Amino acid sequence: MPELRDDPVTGRRVLLAPGRAARPHTVAATPPGPSLVEDCPFCPGNEHDTPPERCRTGAGDPDTPGWRVRVVPNLYPIVGGADAGPGAHGAHEVVVMGPDHSCDLARLDDAGVEELFWVLRERARVHVAAGFAHVQALVNHGRAAGASIAHPHAQVLAIEFVPPLVREVMGRFAAAASDIVAADFDTSRAKGGAVIADGSSWAWCPWAAASPYETRVSAPDAGARFDLTPDGSLAAVARATRDVVAALARVLGDAAYNVVVHDAPAAGDAPYHWYLSVVPRVSILAGFELGTGVMVNTVPPDDAAERLRQAIAGADAA
Ligand SMILES: [Zn+2]
């Protein structure tokens, strides 16, 4: 039967309506595709098909092969560029996860995913130092999640203003005068929503998850700002995020998903606890959601967490 839940972090209202869920969960592992694709602009050897690179890890000269993670400006930026209007200045960067065309976030090894997050934090630091108001790090995986190029990549955007959603969450955090992200983890865990709780990282399906298999990831001492995250916490969140998307692939197949960092604004030291959301795109925003802003979730988060825990345990046993 339907149940109304309120998300203490975002303020979203969610109708949990599991009676509508009918999605089968019989998924074979997707075999990896080719390592190299001739006409892919992000594959090694095609470096000149992107704008000149900003930075890299690994070996080699700029815009030549040898890199492990490579950062380039987005060819079709949302913000920034010479013709940007008032309020639309900024930076929009692509962070290519690795030279292997088919090694997506779920397939990165520990060193690979830790390095990816290290680069994302470095880019956030650069944009904060440049005076931008807010930095958004994200991964769009699959067409339904907004990815237009298949080669696995993350993105970093720096913008001139603090977005309304960020302002609202910061306001809720300050008004609560307590760590509402940690409290959401505790509450969700008590209701069966924990996916990973190993002391150094948290992954959980929030009790008021707005969509099927939505999962939050953080670390106990992640801190308020992504760019200031301690090394150990950053690495722990990186590994946990990889484990969650790998588990999702085992449960949902090669479903599209977004990974979205929910960060504090660049300026100030307001209390906050940054976290990221992994949001599989297995449901579609329909008229009710668009009209009311109330989300409808057909998969109980404790059921989702149970399946993800099983998938992680299965991967560990394999
Ligand atoms: Zn490629």
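Of His89, His141, the sequence from fewest to most neighbouring Cβ atoms within 10 angstrom is His89, His141. Among Tyr275, Tyr213, sorting on how many other beta-carbon atoms sit within 10 Å of each Cβ, with the fewest leading, yields Tyr275, Tyr213.
Can you figure out the FRET efficiency of Val260 with Asp61, using R₀ = 41 Å and their beta-carbon distance, to the nearest 0.05? With a Förster radius of 41 Å, E is 0.75. Among complete DSSP H helices in the chain, those whose alpha-carbon atoms stretch at least 20 Å along the helix's long axis and whose mean Kyte-Doolittle hydropathy reaches 0.0 are 110-129, 231-252. DSSP finds beta bridges in the chain, and of those with both partners inside it, around 95 percent are antiparallel. The phi torsions of the range 87-104, fed into the Karplus equation with coefficients 6.51, -1.76 and 1.60 and a -60° offset, translate into couplings of x, 10, 5, x, 9, 9, 10, 9, 10, 6, 5, x, x, 7, 4, 10, 8, 7 Hz, rounded to whole numbers, with Gly and Pro shown as x. Listing Tyr257, Tyr76 from fewest to most neighbouring C-beta atoms within 10 Å gives Tyr76, Tyr257.
Structural descriptor for the chain: relative contact order 22 percent, calculated from alpha carbon pairs under 8 angstrom and at least 6 residues apart. Working from label points 7 Å from Cα in the Cα-to-Cβ sense, the Asp316 to Ala270 distance is 3.8 nm. Near the amide H of Asn74, within less than 5 Å, lie the amide hydrogens of His92, Glu93, Val94, all on another chain or at least 5 residues away, with H placed in the peptide plane. Dipole magnitude for the range 80-135: computed about the Cα centre from +1 point charges on Lys and Arg Cβ and -1 point charges on Asp and Glu Cβ, it is near 280 debye. Note on Ala129 and Asp198: with the Förster distance fixed at 22 Å, the Cβ-Cβ geometry gives a FRET efficiency of about 0.10.
With K and R counted +1 and D and E -1, the other residues having a Cβ less than 14 Å from that of Leu157 yield a net charge of -2.
Quick note: the coordinates plus some simple rules give every number you see, no bench work behind them. In this text, all values refer to a predicted model and were calculated from it rather than measured experimentally. Positions of Cβ are backbone-derived with ideal geometry, glycine not excepted, and every protein chain shown enters the neighbour counts.
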